[in-house]
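I have placed the structure first, in the form of structure tokens, so that the comments after it can refer back to it.
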Amino acid sequence: MLTKFETKSNRVKGLSFHPKRPWILASLHSGVVQLWDYRMGTLIDRFDEHDGPVRGVHFHKSQPLFVSGGDDYKVKVWNYKNRRCLFTLLGHLDYIRTVQFHEEHPWIVSASDDQTIRVWNWQSRSCIAVLTGHNHYVMCACFHLKEDLVVSASLDQTVRVWDISGLRKRSAAPGSQGPDELMQLGQMNSDLFGGGDAVVKYVLEGHDRGVNWAAFHPSLPLIVSGADDRQVKLWRMNDTKAWEVDTLRGHLNNVSCVMFHARQDIIVSNSEDKSIRVWDMSKRTGVQTYRREHDRFWILAAHPELNLLAAGHDSGMIVFKLERERPAYTSHGGTLFFVKDRYLRAYDYASGRDNPLVSIRRPGSTSGPSTGARSISYNPAENAVLVNSDAEGGSYELVVIPRDGSGGRAEPSVSLRGQGQGAVFIARNRFAVLDKAHSEILIKNLRNEVTKKCTPQVPSLDAIFFAGTGSLLLRSDDRVALFDVQQRTVTAELATPFVKYVVWNADMSQVALLSKHTVIIASRKLEHLCTVHETIRVKSGAWDECGVFVYTTLNHVKYCLPNGDSGIIRTLENPVYLTRVSGDAVCCLDRDGKNRTLQIDPTEYIFKLALVKRQYDRVLHMIRTAPLCGQAIIAYLQTKGYPEVALHFVRDERTRFNLAIECGNIEAALAAAHELDEKDAWHTLGVEALRQGNHQVVEFAYQKTKNFDRLSFLYLIMGNTDKLQKMLKIADMRGDIMSRFHNALYLGDVEERVKILEEAGHPALAYATAATHGLTETAERLADELDELPPLLPDGGKLMIPQSPITREENWPLLTVSKSLFEQAFGANAAAGATAAEQGGGAGAMGADDAMAMEEAGDAWGDDDDLDLGMGGDDDDGEGGMGGDDDDDGSGGWDMEDLELPPDALAGAGGAGGAGEVESGPFVVPTAGVPAAQRWASKSPLAAECAAAGDFDAAARLLHRQLGVVQLEPLRSLFVEAYLGSHAAMPAAPGAPGGSLLVPLERGWTESSGAAGTGAPAVVAKLSTLEDDLRRAYKLVTEGKFSEALRTFTRIMQSCFMLVVETRREVDEVKELLSIAAGYASALRIELKRKEIAKDDPVRAVELACYFTHSPALQNVHLALALRAAMSSAFKAKCLATSASMARRLIELAPAPKVLQQAKQVLAACEKAGLSDAVELKYDARNPFVTCNGTFEPIYKGSKTVSDPACGAKYSPDCAGQVCNVSQVGKVGADGSGLMVSHSQAR
């Protein structure tokens, strides 16, 4: 049993499927009727007007009605669209058990515990027949689908068949019955006592207990019944009699409901023994039993058209199928192989021929109806097919198809069977099958013999799928794994929902993993590409030739692009299973195994795919030729950042306006705003135009919205004092005091400001203004009028006059910006009459010198002031120069349009002019570019480039990941230097804020790099500079300036973190430099520590002097100096053995003669006095060791150490977690991926 939907509720007593929609009604013991969508799994509505349990419910076949009957003795007719009860039919005197609409007539039949069956006319809302004869509760009654019969079941142990053909004469429209109540009462009495309109045709006796249910077969003269005697009985009838055919035994408690299956020769029954049983009608035996643990079953319902059943139980209901309807199929080349009616068939896509190839063995009869072919796998090399089935817990059949090509229903040349699941071919003569019991994959040959066994390390392995030659996809509960059969290893994994089907594309580069509600697209190595979620079940899928995955749900054909975009192609009336997608045709199988071809329109997803792949020439072609339209395309283009393309499709002015604003097309926005003529639209246009610097449109928008204050300020920053004067007059006419004052302030008109303040009743302010700005006469006049003068005003007042603008061009932007590809394609003809110049052959293609020469020669050739020849470079109307059509004087002008030039000359002229041509027309705002610093930092693995871009946080994260850096303060100055070194300061325009502009500097930039740059910032730190520093540090060590040398080596080491080099060889040099600097820094710290404690602890000083000599980074000259110092210290401390050891090592270095002589003398003295140490030292020269940079103690070979990933300095494990004393930035014991100083390391 395949459960499709399940609910939890009170006891379900009645069920009814909607004939067309995916709905089911459930009437509950609590008195509620629920309307469910079983595909979506949602509760649509609930109807709660019955008082007490509702035991019967039924949908009308064509009207938006359903009927219900309950324990309140009422039959209610509902309109589910209006969500209300239309009327109530009263007449029953006890509980109503079942109700049902007639297929054709406006009748309802109801069965009741009052021992009667009533037939109602729901149009006239009256009872037209009462069927009496049962002498106990009538448990059910239902109409025959085609004949005028009613069958009823009662607790009087009988099943009755009623002939209601007499009711046809009495079926009338509403109101046909007379209004006389006495006549109605007389007719009712006649019905109660056995009228002739409905008579008993048969009485079926045979049950030993009360009968709970009886039902007709939809087409055969059969009746099935179920009773409290735990038996299901099959009855046959003819025109004269009815008799018992057989009894089906197996239920352990009362049989609640029983019915014939609409599409198969089976009977389905359920019982209070908590089971649903399926019976074979021909063999009269049970074939399947489904049980629940705690719930008794009460009711069954079958869908009138689909293979769906529903059962109600104590705690809800279930919608289920008895078997899978998906046909088993696979495609190879131009042929579809599929299983139908026990035959393996081949369908040729080209010719449309469908031929049976070989017969397939029928599974055992005891296996039940759901044991048909589940999947098949085809082997073209051997012309063999594996047919998988669920029979016997999972089995397969290996069929070799005869090669004679005779077709027909031949027997297979080879047919072998075996146990296992998901058998698939993995090679020419090998196939794999899953032994689920042992979690093993068995590799077998074509003789069905096991050749290999694999036990993959995949928990809960329950299915295998084909994944190319020698590979399998393994499915577990929450993931799929790619398994290499030869190596017996899992090579890749991908977390997924429970995968049901796997579909590979033609070249096996991508795979679609289909689960119940999800489509996952992955690469050949199971790298996740995208996921699409659906609310209803995904049924099948196939790959289009373009690389688009087309799939079906229960009611749609959909597509999925590689980037995750999806959409609906068309709707489906019934589910289909895709087998092939080719162009605008989709080949599929329906649930009956019939091949069908559906026509689709792939334009939408091909258009989107071209956008995703940036195939803009194809996009332009489709825009011009394909019938693309609709809100979905517009929304998609807008979401993906192509509003200028969406603008081409839109005709609605409001949408056009919004899209034009989004893509910065001021001209289109202005035209749309004119059509809309709304204040909000003009305001939005003004804001966008101001952002672009098109102050002409801004001015027009402010004028349309009468936004005087913004308009005045616009004129202020434009420096247009004439229009500011007009705004002052307009403010005066409007009587707006504040606006007048602002305009006077903008103009610097002191007299006007004084006048305004005086008129506004502020004489004190007027006096202060006049006195401050030197208007003596006006100030004296105002002083005479004031009772009290304001306090003394400060001296040195200055007139507030706004600065004049730097430029006063038509519009602020002076940069000529070329339009985008789509704008050039759609909007090249935006200006009227733009012909020759736009084609590249007019005067617009001339050089500037040529145009100027012709301008100067104009006087000698006559007065051409009235001609619009387009020579001036300010071609507002878009005319193309000398090729224009305007001819005011009728002389024909230069007659250049009659000159026929050869195509190669035209092409040459166009090419020559195109290089220097500047597109005329309205300014197009440049798209906001990506700042150079952001471009540098994006996805750069180098800390130096991130710091140069100013993204210190990213640089710190990279250093932490690569080198374990946790202390950033020592690197602060390096970060700042990197940033400052990648930018140059240039003076800005006069009066501009900030005073200077920061210009990004790029590494390796040349003139050929152009505006795009190289994408790499200039870096301050250079390898050659650090090598010079290294030589200087060596010199400091030689001179004994250890503190200064330590600072230099530390600086070199930290600067290595901020280097950027190009080649692998340079990377090796940086690593070597870092190692040397770290080694010297570590050694110098030991020597400085020795000098610090030499007086207080001479023994410890000797030890440190010895440790110093074991620093591996020391050059020979420095090592000789260290050995000499250690030799002297040890000799003075009477550690003669140690001193002798240092002397020998010094002699081996062959130092200067003077030093060599001293070493030999010390060695002789030590040997003469005896090679022994007066004090015990923590030093063993024979045992290799490194010095801990935290404790300055030796760590001998074999002992555990931890290191700083930044510089490699060694420490004892106790120091883990501390900041390294050598690099001063790294964390001891941290993990690091290694220093990255070149992009070549990331490749």
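Per-structure values
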quantity	calculated
D1180-K1095 pseudo-label distance in nm [points 7 Å out on the Cα-to-Cβ vector]	3.5 nm
³J(HN,Hα) computed for each position of segment 442-451 - Karplus, 6.51 cos²θ - 1.76 cosθ + 1.60, integer Hz, glycine/proline x	9, 9, 10, 8, 6, 8, 6, 9, 6, 10
Rounded percent of accessible protein surface that carbon and sulfur make up, segment 1076-1187, 1.4 Å probe	54 percent
Charge context of R734, other residues only, Cβ under 13 angstrom, K/R +1, D/E -1	+1
Computed FRET value (nearest 0.05) for A1169 with E1072, which takes r as the C-beta separation and R₀ as 45 Å	0.55
Gyration tensor verdict on segment 516-556 (Cα atoms; rounded if a/c is under 1.5, prolate if a/b is larger than b/c, oblate otherwise)	oblate
Full-stretch length increase - I536, K1160 - with 0.36 nm per residue and alpha-carbon distance subtracted	215.2 nm
Sorted peptide list for 556-569, 269-282, criterion being average Cβ within 10 angstrom, highest first	269-282, 556-569
FRET efficiency, K8 to K706 (Cβ-Cβ, R0 51 Å, nearest 0.05)	0.20
Cα convex hull volume per residue for segment 374-485 (Å³)	101 Å³
Label zone at H762, where the point sits 7 Å out along the Cα-to-Cβ direction: segment 723-741 residues whose backbone N lies under 19 Å	728-729, 731-741
Most positive-pole-ward Cα, T42, Q63, H29, against dipole of segment 1-121 from beta carbon charges	T42
Greater than 27 Å apart at Cα, pairs in K453/K539; K436/K525; K444/K516	K453/K539; K444/K516
Protection proxy ranking of 1118-1125, 82-89 - average other beta-carbon atoms within 10 Å, highest first	1118-1125, 82-89
Rg ratio (alpha-carbon, reference 2.2 N^0.38 Å) - segment 1024-1241	1.09
Between segment 1132-1178 and segment 71-108, the alpha-carbon center distance in angstrom	119 Å
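The values are calculated or read from the model by the stated rules, or taken from the named source; none is laboratory data. These numbers were taken from a predicted model, which means no experiment stands behind them. A quick note on method: Cβ atoms are made from the backbone with ideal geometry, for glycine too, and the neighbour counts reach across all protein chains shown. The protein model used for the area step is the full one, side chains on, heavy atoms only, and it has no ligands, DNA or RNA in it. Shrake-Rupley method; radii C 1.70, N 1.55, O 1.52, S 1.80 Å.
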